[in-house]
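Please read the structure below before turning to the comments.
The values are calculated or read from the model by the stated rules, or taken from the named source; none is laboratory data. Source: prediction; values computed, not measured. No Cβ is skipped: glycine too gets one built from the backbone with ideal geometry, and neighbour counts run over all protein chains shown.
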There are 2 protein chains.
Amino acid sequence: MFNFDHRIELRNSVNDLFMAGEILIDMISADYNDNSTSGTYHRFFGGSPSNIAMNAKKLGIRAVVASATGEDGLGSYLIHELENAGIDTGYVQRAADYSTSMVVVTKSRSTPIPIFYRGADYHLSYTPELEEGLKNSKIVHFSCWPLSRRPARDTIEKIIATAKMNNLLVCFDPNYHPMLWEDGEDGVRYVKSIIGKVDIVKPSEDDAERLFGKQTPERYLETFLKLGAKLVILTLGKDGAVVSNGTETVRFDTLATEVADTTGAGDAFWSGFYAAAIKGYPIRQALALGFAVSAYKLKYTGAIVDLPRLEVIKNMYGL
Amino acid sequence: MFNFDHRIELRNSVNDLFMAGEILIDMISADYNDNSTSGTYHRFFGGSPSNIAMNAKKLGIRAVVASATGEDGLGSYLIHELENAGIDTGYVQRAADYSTSMVVVTKSRSTPIPIFYRGADYHLSYTPELEEGLKNSKIVHFSCWPLSRRPARDTIEKIIATAKMNNLLVCFDPNYHPMLWEDGEDGVRYVKSIIGKVDIVKPSEDDAERLFGKQTPERYLETFLKLGAKLVILTLGKDGAVVSNGTETVRFDTLATEVADTTGAGDAFWSGFYAAAIKGYPIRQALALGFAVSAYKLKYTGAIVDLPRLEVIKNMYGL
């Protein structure tokens, strides 16, 4: 039971966050011209777990990343970027027979549809090193990406089991999208089964709609709670968020004053919330600090922005 | 038996070339800086069968392309480019569950190693439409790409069978590269088995070395002939080429005077050779015209250059 006025009790361990899942290249077109003979694309670092880890590090806590890249130049680039950000890359695996996963996005005036090139990312293995890193952490985090394909799915299931046995806080981003799942597989059903095994989920309204169809926010909260999540953070875009622990529901207004780019706003929230939880703030304040970090990120373009330490943001937003 | 002084007897049909195999995006870095935060890449049209078809069209013969793209924006771009080049895209399939195949090349001062993202390309199906197009053609061409993975491999095997039954000329580019084959599969052995089923092969010395180990050119010719190819065109880079029909071996000096870029030189040869064969030139002259088209291409940068008609190149090189 997560009481809004209490801090989250976390185990004592060397490392704070253990971020498991996808690491990938985002290849994004420079312009909107779909049919030019030679379109220009820019290569970016991608993958929500790593983005959260890099944010968390800036905010002042320790995070490691357990992901898989190919044994190729793009994989080396990703690892180099993590190292540059001061993240321990000892848990990044190289999957020899697979290319580093990539998402190609061609900007379009209508709907820019991502094209997924999945390779190494879902070949994350459950190794003794990974288990050791996990056991030395307080919080484990993952999203739907690694769950969408085997063998990464099996790895996450083992991670959940080990995390529970060792009293880690288990957090899940239920960012379900049918495009990531193989044809004919019931991804929704599987994701629902995972919700029951975790402590905290943070769906957006779109995530919730993809999982449960169009409902009211209150109904979404109920559904996640009924499935077994213990704290549900439902984000509502410009309308802020509603958070429920099953007995109490708290509304948070958005703290955003300017919105330059929404990319990475959810990851910024997670990192702020985690940093505050690690630093011992009560849940209500940790949530507010998460939303403050998200509001700070929204002022800038890009998934990763240059965040100050958590205390600076706390003062900036009067929290 | 291919007599160098005779023309190749081709069946009468509506279409000249039936090009089967890969169509893909080449994503090539703009610069050599591997570790920049955001590298710039350019998207190019790729796939040797299409390049040969586009060249052949410029030289004055008719070609169709049987390939598979994803149902995505990159696939639409490829089809659009084929249409722009005046190629009938009626045999281009859209593989619904797979992304358009891509090769990412990051330029490097050491060795630029391509990263393969194979999706739709090897899901080329043998359909009634494809068979109809094949039966309406004189020459069928394919390379190792579609052979490296099922189900495209099965499609090519059926294409070979149908082509033989209908007296098409069967030409094969044995551009074997282990990176295209799945781990543990004996690609060399399989490629050798295909050489026995075709009429003409055009290996480069590198291709031959990857297949048979380091040997002399004469030994390579023997080996391809022994495996069953009827005409073997072994290209030797700046040293020209040697061609054997099993009883006679003819040497061709290079016609290249300037070399701006070797990309697509082999495809340029094929298109010139095919155009000349279709137009009824004797084999010796058809080969010379192929090398002339290749020499013309070498003067310009890019896989596809603006070729004049075959007769213009013939006069240009005094053939």
Checklist (1) at pLDDT below 95; (2) in contact with a Gly (Cβ under 9 Å, 6 or more places away or on another chain); (3) surrounded by fewer than 16 Cβ atoms within 10 Å (Cβ to Cβ) applied to A:T106, failing item:
(3)
Going residue by residue through segment A:8-24, is there one that turns out to be within 14 Å of another protein chain (Cβ to nearest Cβ) and crowded, with 23+ Cβ neighbours inside 10 Å?
yes
Looking for something in a loop (DSSP other than H, G, I, E, B), of a type in the set (S, T, Y) and within 9 Å of chain B (Cβ to nearest Cβ) - is there at least one such residue anywhere in segment A:104-115?
yes
Which of the following residues is among the aliphatic types (A, V, I, L, M), modelled with pLDDT of 95 or more and over 26 Å from B:I283 (Cα atoms): B:A20, B:A66, B:A30, B:A56?
B:A66
Which of the residues belonging to segment A:52-90 are of a type outside the set (A, V, I, L, M, F, W, C), part of a strand (DSSP E or B), away from chain B (no Cβ under 14 Å) and surrounded by 19 or more Cβ atoms within 10 Å (Cβ to Cβ)?
A:S67
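Can you tell me which residues in segment A:189-214 are of a type outside the set (K, R) and surrounded by fewer than 15 Cβ atoms within 10 Å (Cβ to Cβ)?
Selection gives A:S193, A:G196, A:D206, A:E209, A:G213.
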A:A260 being small (G, A, S) and more than 19 Å from the chain's Cα centre (by Cα)
yes
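Could you look through segment A:40-49, keep only residues that are within 17 Å of A:G264 (Cβ to Cβ) and within 14 Å of chain B (Cβ to nearest Cβ), and pick out the one that is surrounded by the fewest Cβ atoms within 10 Å (Cβ to Cβ)? Spell out how you get there, then give the answer.
Applying the first criterion (within 17 Å of A:G264 (Cβ to Cβ)) to segment A:40-49 yields A:42-49.
After this cut, where a residue has to be within 14 Å of chain B (Cβ to nearest Cβ) as well, the list is A:42-46.
Values: A:H42: 16, A:R43: 23, A:F44: 20, A:F45: 23, A:G46: 21.
Here the residue is A:H42.
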Suppose we keep only residues that are more than 23 Å from A:A56 (Cβ to Cβ) and in contact with a Lys or Arg (Cβ under 9 Å, 6 or more places away or on another chain) within segment A:127-160. Which one would you say is surrounded by the most Cβ atoms within 10 Å (Cβ to Cβ)?
A:S148
So which residues in segment A:91-100 are among the hydrophobic types (A, V, I, L, M, F, W, C) and more than 10 Å from chain B (Cβ to nearest Cβ), if there are any at all?
A:V92, A:A95
Any chance you could count how many residues in segment A:51-99 are hydrophobic (A, V, I, L, M, F, W, C) and over 20 Å from the mean Cα position of the chain (by Cα)?
3
Six or more apart or on different chains, Cβ atoms under 6 Å: show the pairs whose first residue is in segment B:240-261 and surrounded by fewer than 12 Cβ atoms within 10 Å (Cβ to Cβ) and whose second is of a type in the set (A, V, I, L, M) and in a loop (DSSP other than H, G, I, E, B).
none
Is it true that some residue in segment B:266-276 is over 17 Å from B:P308 (Cβ atoms), buried (at least 21 other Cβ atoms within 10 Å of the Cβ) and of a type outside the set (A, V, I, L, M, F, W, C)?
yes
Determine the pairs where a residue that is free of Cβ contacts under 8 Å to residues at least 12 places away in the same chain, located within segment B:182-201, has a partner that is of a type in the set (D, E, K, R) and in a loop (DSSP other than H, G, I, E, B) with Cβ atoms under 6 Å apart, the partner being 6 or more residues away or on another chain.
B:D183/A:D97
What do you reckon, is A:E71 acidic (D, E) and either at positive phi or at pLDDT 95 or above (or both)?
no
Determine whether B:D5 is farther than 26 Å from B:I113 by Cα, more than 22 Å from the chain's Cα centre (by Cα) and at the interface with chain A (Cβ under 10 Å from one of its Cβ atoms).
no
Among (1) more than 14 Å from every other protein chain (Cβ to nearest Cβ); (2) within 17 Å of B:V65 (Cα to Cα), there is one condition B:P151 misses while meeting the rest; what is its number?
(2)
